[in-house]
Amino acid sequence: QVTCVEVVETYVERIKEVNPLINAVVKDRFEEALQEACQVDQLLSEGPGDDYLEEKFPLLGVPITVKEAFSLHGMPNTSGLVNRRNVIATSDATVVSRLKQAGAIPLGVTNCSELCMWYESSNKVYGRTNNPYDLQRIVGGSSGGEGGGLAAACSVIGVGSDIGGSIRMPAFFNGVFGHKPTTGVVPNDGQFPNAQGVRTSFLCTGPMCRYAEDLELMLRVMAGPGVNKLKLNEKVSLEKIKFHCMDHDGGSVFVSPVDKEILQAQKKVVQHLESNLGVQVQHVAIHKMKYSFQIWSAMMSSEDSDGQEVQRFSDLLADHGKPVWPLWELIKWLVGMSSHTLPAIALGLTEKLIKLNPSGNAKLVSMGKSLQEEMEALLGPDGVLLYPSHPTTAPRHHSPICMPFNFAYTAIFNVLGLPVTQCPLGLSSEGLPLGIQLVAASYNDHLTLAVARYLEKAFGGWVLPGKV
């Protein structure tokens, strides 16, 4: 009914309309995208047949955006680091290449936090991204430009990555879908910074989108041959899923209490599942979840099986430049002269503290492994856990500095390696997105994706910002 050129032009106009307000797309490739759309229309006019095209190019002509931390040929690849502001990608990250080969058309790259290690997407290269539901609030991080851009209908689907919740937090704060796949299925190559040592088991690349049905299609393309490890062809009977529910982490002193409206939204999901599917949702209290932040932190800084230490954050800050001394950067920041953000400087200052208690860390790593076994046993082949995405709805700008560890609600599942789908659940009384995490045992991504599709129908899914 419409040409690919018309579709791409519509999205280009949309970005031009909303991006001055939200600052999600930090560099565009509109001219190249329109040329690629022309090629799609030409291919369609030659008529090789819809079945052939759908099999060979499942994303033919679909406008996408890509987190700026990923290489997209001809686009900047700074990860918000001032020293990298002249770095232009000369190739595509593996997942970007696969999406392009499937026919997707990238419109541009989106903002992230400095070096992807904070949950507000703001840096000294591109500035700050604003939440489309309330410009005074954050989009989350580190795939925040992706979350905000998708919520504001700047593209159809997007590429994110997640080592502590960097897909799921922005998806939650912006009322869209995001999926952190089972670890080791989707390749992480071609992003900066990439994980090294033990962190290669925690970093996940995954899909973000407005509509739940697009998650599986994207996941299939992004995983490539790795998709065979997942059970995406298995039919899911929702009535046979064993649902578990946990309202909060048990009361960690490092983390805010869960907002009443988030708890109410989760309660509505439980009631809906019980009354409509006839299932019994089991309420569970997993004691070790109370130590989510400490477990994540200890496991993130542990050595791998070869004794290789993780790369220091202050070394990453020095990429394409001179060595960085975090204390000196803090002094410079206080007088407005640092080229780094305060969260990045703080992480540089505190990363050495974790090394001061090796025996305590060893205990936490051991606790993490025991929690992983407990979770896998609880969920088994047919279980899904309902768990809050974050203790609060999208916070105001800068306020995460006051509660820096709230990301523990998402981060714990990175070190456990479990697949998690973030699912929107309408808007709060303040007009901010609500949502829930759906968690399954390893390689059972098909279960959380099926539940997300079901909840989208039940609770309405994505809501256009400003529509209310």
Accessible-area value, CYS4, 1.4 Å probe, nucleic acids and ligands omitted, Å²: 10 Å²
Measuring from its Cα centre, the chain shows a charge dipole (+1 at each Lys and Arg Cβ, -1 at each Asp and Glu Cβ) which, in debye to the nearest 20, is 1260 debye
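What full-extension length gain, to one decimal in nm, is calculated for SER399 and GLN311 as 0.36 nm per residue of separation minus the Cα-Cα distance? It would help to have the intermediate numbers written out before the result.
Working: separation 88, 0.36 × 88 = 31.68 nm, distance 2.79 nm.
Here the answer is 28.9 nm.
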Matching label for the computed semi-axes √(5λ) of the Cα gyration tensor in Å, out of [x] 31, 29, 21; [y] 45, 31, 19; [z] 36, 33, 24, is [x]
Assuming 0.36 nm per residue, please report the length gained on full extension of the stretch LYS231 to THR200 beyond their Cα-Cα distance. 8.9 nm
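How large a share of the accessible area of the chain, in percent, is made up of carbon and sulfur atoms when the probe is 1.4 Å and the other protein chains stay in place?
Values: 10220 of 19190 Å².
On the chain, the fraction of accessible area on carbon and sulfur atoms equals 53 percent.
Sorting check: for 189-199, 396-406, 160-170, which peptide has the highest mean count of neighbouring beta carbons within 10 Å, and how do the rest follow? Could the numbers behind the result be given before it?
Working: 189-199: 18.3, 396-406: 15.5, 160-170: 31.1.
Peptide ranking by packing, descending: 160-170, 189-199, 396-406.
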Excluding residues fewer than 8 positions from LYS332 in its own chain, the aspartates and glutamates with Cα under 20 Å of it are GLU114, ASP315, ASP319, GLU351
Heavy atoms of SER45 accessible to a 1.4 Å probe, total area in Å² rounded to 10: 90 Å²
Using the basic label-point model (7 angstrom from Cα toward the beta carbon), what is the GLU374 to ASN86 distance in nanometres? 5.3 nm
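Per DSSP helix of 4 or more residues, -39500 (n - 2.57); summed, then divided by the residues of the chain. What does that give at 222 nm, rounded to the nearest 500?
Details: 15 runs with 172 residues, N = 468.
Calculated mean residue ellipticity at 222 nm is -11500 deg cm²/dmol.
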Share, in percent, of DSSP beta bridges within segment 1-116 that are antiparallel, nearest 5: 45 percent
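Return the subset of LYS235/LYS369; LYS100/LYS240; LYS240/LYS267 for which the Cα-Cα distance in this structure is over 27 Å, preserving the input order. Could the numbers behind the result be given before it?
Working: LYS235/LYS369 31 Å; LYS100/LYS240 37 Å; LYS240/LYS267 20 Å.
Checking Cα-Cα distances, LYS235/LYS369; LYS100/LYS240 exceed 27 Å.
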Where only protein heavy atoms count, and the probe is 1.4 Å, what is the accessible area per residue for segment 100-194 in Å²? 17 Å²
What whole-number distance in Å separates the alpha-carbon centres of segment 105-141 and segment 328-398? 19 Å
With each label point set 7 Å from Cα along the Cα-Cβ vector, what nm distance links LYS355 and LEU263? 4.2 nm
Evaluate the Debye formula for segment 391-468 with equal point scatterers sitting on the alpha carbons, no solvent, and hand back log10 of I(q)/I(0) at q = 0.15, 0.24 Å⁻¹, in q order, two decimals. -0.66, -1.14
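Rounded to two decimal places and with Rh computed the Kirkwood way over Cα pairs, what is Rg over Rh for segment 347-434? Could you put the intermediate results ahead of the total?
Details: Rg = 16.5 Å, Rh = 15.9 Å.
Radius of gyration over Kirkwood radius for segment 347-434 works out to 1.04.
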Let me know the whole percent of all Cα-Cα pairs from segment 313-376 that are separated by more than 12 Å. 73 percent
Can you list the aspartates and glutamates whose alpha carbon sits under 13 Å from that of LYS290, skipping same-chain ones fewer than 8 residues off? ASP247, ASP249
Taking the alpha-carbon centre of each part, the distance from segment 16-63 to segment 288-303 in Å is 42 Å
Which FRET efficiency value, to the nearest 0.05, do you get for ILE331 and ALA362 by plugging their Cβ-Cβ distance into 1/(1 + (r/R0)^6) with R0 = 25 Å? 0.15
I need the calculated FRET efficiency for the pair THR10 and GLN101, taking r as the beta carbon distance and R₀ as 22 Å, to the nearest 0.05. 0.40
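In terms of solvent-accessible area of protein heavy atoms at a 1.4 angstrom probe, what is the ranking of LYS124, LYS231, LYS268, highest value first? Don't skip to the answer; put the middle values down first.
Working: LYS124 100, LYS231 70, LYS268 120 Å².
Final ranking, largest accessible area leading: LYS268, LYS124, LYS231.
Rule-of-thumb check for segment 48-126: C-alpha Rg over 2.2 N^0.38 Å?
On the way: Rg = 15.0 Å, N = 79, 2.2 N^0.38 = 11.6 Å.
Expressed relative to 2.2 N^0.38 Å, the Cα Rg reads 1.30.
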Cα-based reach from LYS231 at 13 Å (exclusive), listing aspartates and glutamates while leaving out same-chain residues under 8 positions away: GLU216, ASP382, ASP445
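Suppose all protein chains stay in the model; what accessible area per residue would a 1.4 Å probe give for segment 360-428, in Å²?
Numbers: 2120 Å² over 69 residues.
Using a 1.4 Å probe on heavy atoms only, each residue of segment 360-428 averages 31 Å².
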Alpha-carbon Rg with Dmax, taken over segment 2-145, Å: 16.2, 49
Using a 1.4 angstrom probe on the protein heavy atoms only, line up HIS272, HIS248 by accessible area, largest first. HIS248, HIS272
What whole-number distance in Å separates the alpha-carbon centres of segment 427-452 and segment 173-237? 14 Å
Please name which of LEU72, HIS283, LEU434 has its Cα lying farthest along the dipole of the chain towards the positive end, using unit charges on Cβ (Lys, Arg +1; Asp, Glu -1) and the Cα centre as origin. HIS283
With all protein chains modelled, accessible area of THR3 [1.4 Å, Å²]: 60 Å²
Going through the cross-link list LYS124/LYS355; LYS124/LYS322; LYS27/LYS67, which pairs have a Cα-Cα distance over 22 Å in this structure? LYS124/LYS355
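The values are calculated or read from the model by the stated rules, or taken from the named source; none is laboratory data. Remember, it's a predicted structure, so these values are computed and weren't measured experimentally. Every residue, glycine as well, gets a Cβ built from its backbone with ideal geometry; the counts of neighbours run over all protein chains shown. Calculation scope for accessible area: heavy atoms of the full protein, side chains included, ligands and nucleic acids excluded. Shrake-Rupley method; radii C 1.70, N 1.55, O 1.52, S 1.80 Å.
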